[in-house]
Amino acid sequence: MRVLLLCDDYYHHGDVPIRGVEPLKEKGIAFDVIQDANDFDPGKLKDYACVIMSKSDQISRQDESSWKTDAVQEAFIKYVENGGGLIVTHNGTVIGEHTGKLDQLVGCRFLYHPNQVPVTVQPIKPHPVTEGVGMFAEIDEPYQIEIIASDADVLAAAYAPPQGEEGKYEADPYYNNPGSINAAVYVRTQGTGRVCVLTPGHNLENWLNPHFQRMLVNTLKWCGGRA
């Protein structure tokens, strides 16, 4: 399977997802990486079974200009509707000033995140994406998102302590309360293609966690139509 990884923006160093997918190469998954969106050719999306978008609407860390033009957004919509797989991780959910079409395809809007704390991810529904994935916790930004897709199927929840209560993790690493629960993973379809959103991923430890690695493999297979 050949996968395109789009990454790197001002707040999210591209090295994190690049190093995060490195172990997956042993499973026969090949990655082409683009960090500077000036190098992105929407016409080549069709060459990939899946695209991982770990990039907000900034060309790169050095250039905060928008790259998700109308033409780029339309290309992603066409790609998915024609059977492509789109995986959006963490900062890929961050909306831009004019990214409404792509936001609808992704199915959510990033709202905000509190400070980094231990975030627990727990699968809540059987699905090929969560097969063999157990509960895990890593330091992360607990992303708060608004799901706008009516067909979004939430597969895993994220739990984070309210600010000021981080110390409770010392006694119970999976401490949570209902006010701090958010969607961590969901899937949806559009046309003949598949979309999966994973909100964890700010730090390399998240990417390299064995459960997250398993979920990445599952997601690539599912979005690529192989599961």
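From the square roots a ≥ b ≥ c of the eigenvalues of the alpha-carbon gyration tensor of segment 6-83, which class results: rounded (a/c under 1.5), prolate (a/b over b/c), or oblate?
Taking the square roots of the gyration eigenvalues as a ≥ b ≥ c, segment 6-83 is oblate.
Tilt of helix 210-223 relative to the longest C-alpha principal axis of the chain, in degrees (0 to 90, nearest 10)?
The two axes meet at around 30 degrees.
Just round it to a whole percent: the fraction of Cα-Cα distances in the chain exceeding 31 Å.
So the pairs more than 31 Å apart make up 14 percent of the total in the chain.
At Glu74 and Glu205, where each label point lies 7 Å from the Cα along Cα→Cβ, what is the point-to-point distance in nanometres?
4.5 nm
Going by alpha carbons, how many degrees (0 to 90, nearest 10) lie between the helix axis of 70-81 and the longest principal axis of the chain?
80 degrees
Looking at the chain, send over the antiparallel percent of its DSSP beta bridges, to the nearest 5.
Taking every DSSP beta bridge within the chain, about 60 percent pair in antiparallel fashion.
Of Lys25/Lys125; Lys46/Lys78; Lys55/Lys101; Lys68/Lys101; Lys55/Lys125, which pairs sit farther than 18 Å apart, going by alpha carbon to alpha carbon?
Distance filter (> 18 Å) returns Lys25/Lys125; Lys55/Lys125.
What order do you get for 212-219, 196-203, 143-150 when each peptide is scored by the mean count of other beta carbon atoms within 10 Å, highest first?
196-203, 212-219, 143-150
By average Cβ neighbour count within 10 Å, what is the ranking of 107-117, 181-191 from highest down?
Result, highest mean Cβ count within 10 Å first: 181-191, 107-117.
Quick check on segment 49-117: take the gyration tensor over C-alpha atoms, sort the square-rooted eigenvalues as a ≥ b ≥ c, and tell me if it's rounded (a/c under 1.5), prolate or oblate.
prolate
Test of understanding: express the Cα radius of gyration of segment 62-157 as a ratio to 2.2 N^0.38 Å, with N the residue count.
In units of the globular-protein estimate, segment 62-157 measures up at 1.21.
Which peptide among 80-90, 151-161 comes first, and what is the full order, when sorted by highest mean count of other Cβ atoms within 10 Å?
Taking the mean over residues of other Cβ atoms within 10 Å, the ranking is 80-90, 151-161.
For the chain, what is the calculated [θ] at 222 nm in deg cm²/dmol (nearest 500), taking -39500 (n - 2.57) for each run of four or more DSSP H residues and dividing by its residue count?
When only DSSP H runs of four or more count, the value is -5500 deg cm²/dmol.
Computed from the coordinates by the stated procedures, all read-outs in this text should not be read as laboratory data. Source: prediction; values computed, not measured. We place every Cβ from the backbone using ideal geometry, glycine too, and count neighbours over all the protein chains shown.
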